[in-house]
Each structure stands twice: as structure tokens, then as C-alpha cells.
């Protein structure tokens, strides 16, 4: 039996992680620090290197350089100590299609050497919890996408891992299944499981992660809580649309801001607070300028994402008056 | 617990998985055994009389004599056919996520492969039993004693073990299910290019040289001797040697392919 992983307050600690495939650099010096018991999200567009990070941390592939500790062990030198404490749910459902849902879970229980009785109990529990009890005796190949994903996640939990890796767990799921999965992740986190989640959905990271790192082209572009990241972009503004160009001109003289002549829109910096909005409207009233439409734009993670990953130069300009 | 008991326990779990696979899709086994069965009937009924006459005939005529000559070759072809199925199922496994999951678990690495090998051996035993049963129905009357049968069964298992490790490696090396189903195909035809269907003495010089020295021939010769009750003969060392070399080579190759870092 491999020795139990050392008790550490840090679940994952990575410094200077590098990985290339031939000429192509996939990870170019990554630092991560994930406290035990938190939900961490690695956010990035397709091809940013998220899956490569997960593969390295879960002992599937080796790194070229860097210091890596997962649950206090180096995946390269002591892979079995790492494997003993982690659960992994990948992008592709890692279930055995020829086996039934129950048999898949029992297979995991046997490989975790839980013993017959414990294995059976745990399988039944997980089938109930993941709403698969009715389909327990059907082959997994006959499951819907959402069911397969739930079974996949359940299989990753049979060994009661202290650290759970979820690589884009909700990609391709319908909104209802996605919400269900978020709920499950929240419950796991509340029970003290550390969760390492990769996603390309900002909403997902915003909703369930304690801390978020934005990965772009192999490097961490930003790291922090959702609020910290939002504060980094000065994207809050009020948009005013006018009926005619002379009104736009007049408003711009009074309020400043950036103007879009074609759309007859004026963007004024502001956070959308009631006091700020009232004074803005008062100033327009004082000059007798009538606005057709007003909308408030608060910065969300989309602004952060687009600004940081360089895929949204247009939006970045628009967000910075 | 030691690493060995873990390896045995995990392998047993994986064998259980393979047996469930066999049980769930019996059509796969039937398809693999179908080809050798068809060829046996074709050769016995279409060519049997003429071929038997060429062999010098027998007490009950040419066809029966040829059937007796043919069975060992068909048995080897059955082993090769099942091994080909192994390459396909290994390649299928590797392209699906489940093996990635196994790799992230603290289990004996080789257990995934031993599961395939043992599962395939079980499949081979069933397939060979079907082929022998069919041969008996066609009039195959071997004069082997209990000891001969036992030795023959051992040889079949050994040959299957060797070929299965080889095809496990081929399945790992092929990278896709399509490739995995084509690459081991020549194995199916090796009995033709040996003493499986006709005595090597009847072949032209170049082919005859290949036929006499290729691995299947000594195994077929030994099996033929055992089933005929005339003793194992002098091909035994060569047969065992070939099986040993193929098994070891296949095992080491497969182990290296499975253990390699998939990113390199």
C-alpha cells in the first residue's frame, strides 16, 4: 500500500511549470498555489493549455521543467502517492460503455480495493446521488451525454479523493445538466474536497470558484477572486443613445466620455450607482438634452477574459474610455 | 500488502472487466471464430478429397485424411484470429477515456494489459473448443490419448499467450482501431505459408524455406503429432522456443508502449 499523502494546507503548488511539444511551447512558466479545501478554476480559451496542466498534475504526462507538488508529492517522482489522493473527470467521458453504470462504479471500487461490501454501498450511494439509480443496470453506452458525464464524475468520487480534477466538466451539457453539476461541485467543496476546475465558461468560474486563474497562450494572465479580477478592468460605463448628432455633441460637451458618431452613442465612465446616474441625468436635464435610451454596463468576467486573453482588442478599447 | 498482490488483485479486476465484455458482445467472438470455421469447411468439402489423395489417402478415404491434416492449422488460425480481436479491443480501449482514467489511479500499471491477455486466452479456449467440436462433427477422429490432449491444450494456450502479447503490443502501437484491425491480418495467413494446409515438401524452394522456418510450422507440426497420437515429434524445442521468444518480445514491447509518456 502506498503511504497516505502527507497532510498539507496546500493542495497544489506549482512554480515555473513548462511544457513543449516539439517546437511548440504549450506552457511557458506557470505558477499556481491552491489552498486545500478551495475551489480553483483555470479559465482560458481553447488551446490555452488547460488540459495540459491537468494532465501533468494528474500524472498522465511529464513536465519539461518546474517544481510541482500535488497533495505534497511530486507527480514525476512519486506518481502513486499523488494518484492515491486524486479523482479525475476528463473532457471525454472516461466510462466503459459496455459495462452498466453500476458495474462501472463497482470496477472503480475494486480498483480502489474498497472490499465487496463497502464497494457495493458506495456504488449505490453514488447512483442515488447522481440520479442514476434508474439506469444503474443499463450499459453506459446507452446513456445520454448528461448521464455519462454524471457517471464519469461519480466514478471519480468512488475513492473519496481529497483533490478532484474536473477538466471542462460541463462542455457540451445542456443548461439544466450544467446547473446540476455546479450544485454537486458546491456540495463537494462544502465537504472539504479541493476542486481543480478548468473551464472556458466565465459564468461557471464566477459561480463556483473561490479563486480564478486566467490561462492564455501558456501563461497565467491574471489570478485572483472573481471580484479582484473584475476590478482590474475599468469596464463600468453608462451608454446613452441620442436621436440626433447635435444632441450627441451637446451631451459630449457636458459629460465628456467617448462618442460613437455612427450609432449616436455616448459612453460615460461610471459604475451605475443610483447617485451617479441621478446626477448624470440632472446635468442632461439642466441643458435640456434628451437621451433616447440609457443602459448601464457593469464589468463582468467577460470583460476580464477578453481584455486579458487578447482575443477582444475591440472590447478592450470600448471598455477603456 | 505487497506490490505483487496488488498486481494480481488489479489484474483479476481487469480480467473480470474483459470477461463481461466477452459476455456482452458474443457476436465479436462468433465473428472471430467464423473465418477459421468457414475455411475448414471449404477446404474439407471442396478440396478435401483431392488434397487427401495427394497426402496418400487414408483408411477412410481422402477427405477424412485431409481433415486430420488440416485441423492443427485451423486451430492456429483460430488463435491468430482471436489475437487479432485482441489488437482491436486494446486499440479501442486506448482511444477511449477509460484507460486515461486507469492511468490516474494508484493501480498496477500492467493490470490493464494482463486483463486483455487473460480475457483473450479465455476467448481463445472457447473458440478452439468450438473449432474442435465442429471438426468432430465433420468426422475428425483423432487418436490422441489423454496425455496427448493435455499436452495439445498446453501448447494451444502457450501459442495463444505468445500471439496475444504480440497483438496487445500491435494494438498499442497502431494508434487507431482501423490500423489495429489490419496490422495483425498477416498472422491469419501464416498457417497457409507453413504446414497448415499442405506439406511444406510440396512447395517451391523459396516458399518452402520460409514455410519450414516460420514460427507457426513447428507449432502446427507438434500439434499434429499430438492429435494423431504419434507423439510430439522433434519440432517441440523449436515450437516452445518460438512461443517463448514471441511472448517475451511482445510482453516487453507492450509494456514499453503502455508505460511511455503519451506526450513524448
- Query: Quick one: which of A:114, A:98 is more than 28 Å from residue A:18 (Cα to Cα), outside any helix (DSSP H, G or I), facing another protein chain (nearest Cβ under 8 Å) and modelled with pLDDT under 95?
  - Reply: A:98
- Note on the structure: Exception for residue B:232 within (1) in a helix (DSSP H, G or I); (2) touching a residue at least 40 places away in the same chain (Cβ under 8 Å) falls at (1)
- Query: Got a number for residues in the stretch B:32-59 being touching a residue at least 40 places away in the same chain (Cβ under 8 Å) and closer than 30 Å to residue A:141 by Cβ?
  - Reply: 5
- Item | Qualifying position, being buried (at least 22 other Cβ atoms within 10 Å of the Cβ), closer than 29 Å to residue A:201 by Cβ and in contact with a strand residue (DSSP E or B) (Cβ under 9 Å, 6 or more places away or on another chain), among A:85, A:159 | A:85
- Query: Of these, A:268, A:158, which one is more than 30 Å from residue A:95 (Cβ to Cβ) and in contact with a helix residue (DSSP H, G or I) (Cβ under 6 Å, 6 or more places away or on another chain)?
  - Reply: A:268
- Item | Selected residue (only one of B:46, B:33, B:28 is assigned to a helix (DSSP H, G or I), touching a helix residue (DSSP H, G or I) at 6+ places or on another chain (Cβ under 7 Å) and away from chain A (no Cβ under 11 Å)) | B:33
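Residue by residue, here is whether (1) within 15 Å of the chain's Cα centre (by Cα); (2) part of a loop (DSSP other than H, G, I, E, B) holds:
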| position | (1), (2) |
| --- | --- |
| B:165 | yes, no |
| B:188 | yes, no |
| B:191 | yes, yes |
| B:212 | no, no |
| B:219 | yes, no |
| B:225 | no, no |
| B:242 | yes, no |
| B:246 | yes, no |
| B:250 | yes, no |
- Query: Any chance the stretch A:125-138 includes a residue that's within 14 Å of chain B (Cβ to nearest Cβ) and farther than 23 Å from residue A:198 by Cβ?
  - Reply: yes
- What number of residues within the stretch B:99-117 satisfy the criterion of being within 10 Å of chain A (Cβ to nearest Cβ) and outside any loop (DSSP other than H, G, I, E, B)? 6
- Do we find that residue A:88 is closer than 29 Å to residue A:304 by Cα, more than 10 Å from chain B (Cβ to nearest Cβ) and under 21 Å from the mean Cα position of the chain (by Cα) in this structure? no
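One line per residue, one yes/no per condition, for (1) part of a strand (DSSP E or B); (2) surrounded by 20 or more Cβ atoms within 10 Å (Cβ to Cβ):
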site	(1), (2)
A:67	yes, no
A:76	no, no
A:94	no, yes
A:106	no, yes
A:121	no, no
A:125	no, no
A:147	no, yes
- Residue by residue through the stretch A:45-65, note down the ones that are buried (at least 18 other Cβ atoms within 10 Å of the Cβ), at positive phi and either modelled with pLDDT under 90 or in contact with a strand residue (DSSP E or B) (Cβ under 6 Å, 6 or more places away or on another chain) (or both). A:49
- Query: Would it be correct to say that residue B:13 is modelled with pLDDT of 85 or more, in a helix (DSSP H, G or I) and more than 21 Å from residue B:162 (Cα to Cα)?
  - Reply: yes
- Item | Unique match (being surrounded by 14 or more Cβ atoms within 10 Å (Cβ to Cβ) and free of Cβ contacts under 8 Å to residues at least 24 places away in the same chain) among A:154, A:142, A:133 | A:133
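The values are calculated or read from the model by the stated rules, or taken from the named source; none is laboratory data. Just so it is clear, the model here is predicted, and its values are computed rather than measured. Don't worry about glycine lacking a Cβ; one is built from the backbone with ideal geometry, like all the others, and counts go over all protein chains shown.
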